[in-house]
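Asks: Once you've had a glance at the structure underneath, I'll fire off some questions.
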Amino acid sequence: MSQPSPLVLIVEDEPQMRRFLRTALEVQDFRVVEAETAKAGLVAATAHNPEVILLDLGLPDGDGIDLARRVREWSRVPIIVISARGREADKVAVLDAGADDYLTKPFGVNELLARIRVALRHTVHAASPRGEPILEVGPLRMDLSRREVTVSGRDVHLTPIEYRLLAFLAQNAGKVLTHRQILKEVWGPGSVDEVQYLRVFMAQLRRKIEADPARPILLQTEPGVGYRMREG
Ligand code: CA
């Protein structure tokens, strides 16, 4: 028996957007459930237990940020936010409320599928009892058991903070991480507003691991939001 295909819940009030998402997903053999309001979205999330939620931020009866927070009270289901361009503050708020990633309208089918693939992969990893000791992203290889880092086979020497920062990004490869999420993980909850630390350390890391630190390939900046390690 093959596994049933993953179920995606779409919470979106625009009919054209719902149609676009449903078509794109069904072609790829995903199952789809739709909700048009925040309230219906919460009910559907509880009733259907989806594998992924695609969440619009501007809903007629409330905002997606609140819905993401409510869902996070009981579920780790990946939430990918669909938001309008130029709403960086909303993106940051919803990611900090527990959403996993975002897509900015308009976006293409390939971008949508890539985000869903990353989200599903991170769920599988989170469910496994122990993490992977070896992380490989393009030319970068991290051996977490030996605390060794190489780029294209060349040893890279990192300070303890640089190492923690890189490991956190690599463990979340493909996924956006907000400034606050990174600062909390690497420096601790007292440092979540120290974005300047992060900029300094990211610049140092890029000098050590990127072929051209001015044009980073591995450590991408998400303007106004945070950073993303390239996927795979
Ligand atoms: Ca909307």
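The values are calculated or read from the model by the stated rules, or taken from the named source; none is laboratory data. Quick caveat, the model's predicted, so the values are computed rather than measured. FYI the Cβ positions are ideal-geometry reconstructions off the backbone, even for glycines, and counts take in every protein chain you see.
Asks: Within segment 65-74, count every residue that is in contact with a strand residue (DSSP E or B) (Cβ under 7 Å, 6 or more places away or on another chain) and within 14 Å of the ligand (Cβ to nearest atom).
Replies: Step one: filter segment 65-74 for residues in contact with a strand residue (DSSP E or B) (Cβ under 7 Å, 6 or more places away or on another chain), giving 67-68, 71.
Right, trim to within 14 Å of the ligand (Cβ to nearest atom) and you get 67.
Total meeting the criteria: 1.
Asks: Filter segment 9-20 down to the residues that are surrounded by 23 or more Cβ atoms within 10 Å (Cβ to Cβ) and away from the ligand (no atom under 12 Å from the Cβ) and list them by number.
Replies: Passing the criteria: only Leu9.
Asks: Could I ask something else about it? Name the residue that is nearest to Leu113 (Cα to Cα), counting only residues in segment 1-34 that are of a type in the set (D, E, K, R) and without any contact (Cβ under 8 Å) to a residue 12 or more places away in the chain. Explain how you work it out, then say what you get.
Replies: First, pick out the residues of segment 1-34 that are of a type in the set (D, E, K, R): 12-14, 18-19, 22, 26, 29, 31, 34.
So of that shortlist, the ones also without any contact (Cβ under 8 Å) to a residue 12 or more places away in the chain come out as 19, 26.
Working: Arg19: 15, Glu26: 11 Å.
The selected residue is Glu26.
The rows are residues; the columns are (1) in the same structural domain as Glu222 (by TED's automatic domain parsing); (2) in a helix (DSSP H, G or I).
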position: Phe107; (1), (2): no, no
position: Val118; (1), (2): no, yes
position: His122; (1), (2): no, yes
position: Tyr163; (1), (2): yes, yes
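Asks: Name, by its number, the condition in (1) under 17 Å from the mean Cα position of the chain (by Cα); (2) hydrophobic (A, V, I, L, M, F, W, C); (3) over 24 Å from Val225 (Cβ atoms) that does not hold for Ala40.
Replies: For Ala40, the failing item is (1).
Asks: When the residues of segment 52-64 are narrowed to those that are surrounded by 21 or more Cβ atoms within 10 Å (Cβ to Cβ) and either of a type outside the set (Asp, Glu) or over 17 Å from the mean Cα position of the chain (by Cα) (or both), which ends up farthest from the ligand (Cβ to nearest atom)?
Replies: Step one: filter segment 52-64 for residues surrounded by 21 or more Cβ atoms within 10 Å (Cβ to Cβ), giving 52-57, 59, 64.
Next cut, either of a type outside the set (Asp, Glu) or over 17 Å from the mean Cα position of the chain (by Cα) (or both) only: 52-55, 57, 59, 64.
Values: Val52: 19, Ile53: 15, Leu54: 12, Leu55: 10, Leu57: 7, Leu59: 6, Gly64: 9 Å.
Within segment 52-64, the match that is farthest from the ligand (Cβ to nearest atom) is Val52.
Asks: Further, regarding this structure: Look through segment 195-232, keep the residues that are closer than 20 Å to Pro160 by Cβ, charged (D, E, K, R) and surrounded by 14 or more Cβ atoms within 10 Å (Cβ to Cβ), and return whichever of them is farthest from the chain's Cα centre (by Cα).
Replies: The selected residue is Lys208.
Asks: Counting only residues that are touching a helix residue (DSSP H, G or I) at 6+ places or on another chain (Cβ under 9 Å) and small (Gly, Ala, Ser), which one in segment 2-49 is farthest from Thr104 (Cα to Cα)?
Replies: Checked segment 2-49; the qualifying residue farthest from Thr104 (Cα to Cα) is Ala45.
Asks: Which members of segment 23-39 meet the condition of being away from the ligand (no atom under 16 Å from the Cβ) and of a type in the set (D, E, K, R)? Can you show your working first?
Replies: Let us first name the residues in segment 23-39 that are away from the ligand (no atom under 16 Å from the Cβ), namely 23-33.
Of everything in segment 23-39, those that are away from the ligand (no atom under 16 Å from the Cβ) and of a type in the set (D, E, K, R) turn out to be Glu26, Asp29, Arg31.
Asks: Select from segment 73-112 the residues that are under 20 Å from His179 (Cα atoms) and charged (D, E, K, R) and write down the one among them that is surrounded by the fewest Cβ atoms within 10 Å (Cβ to Cβ).
Replies: Filtering segment 73-112 for residues under 20 Å from His179 (Cα atoms) gives 78-83, 85-104.
Of the ones still in play, those that are also charged (D, E, K, R) are 85, 87-88, 90-91, 96, 100-101.
Details: Arg85: 8, Arg87: 18, Glu88: 15, Asp90: 18, Lys91: 25, Asp96: 18, Asp100: 24, Asp101: 23.
Per the criteria, the residue is Arg85.
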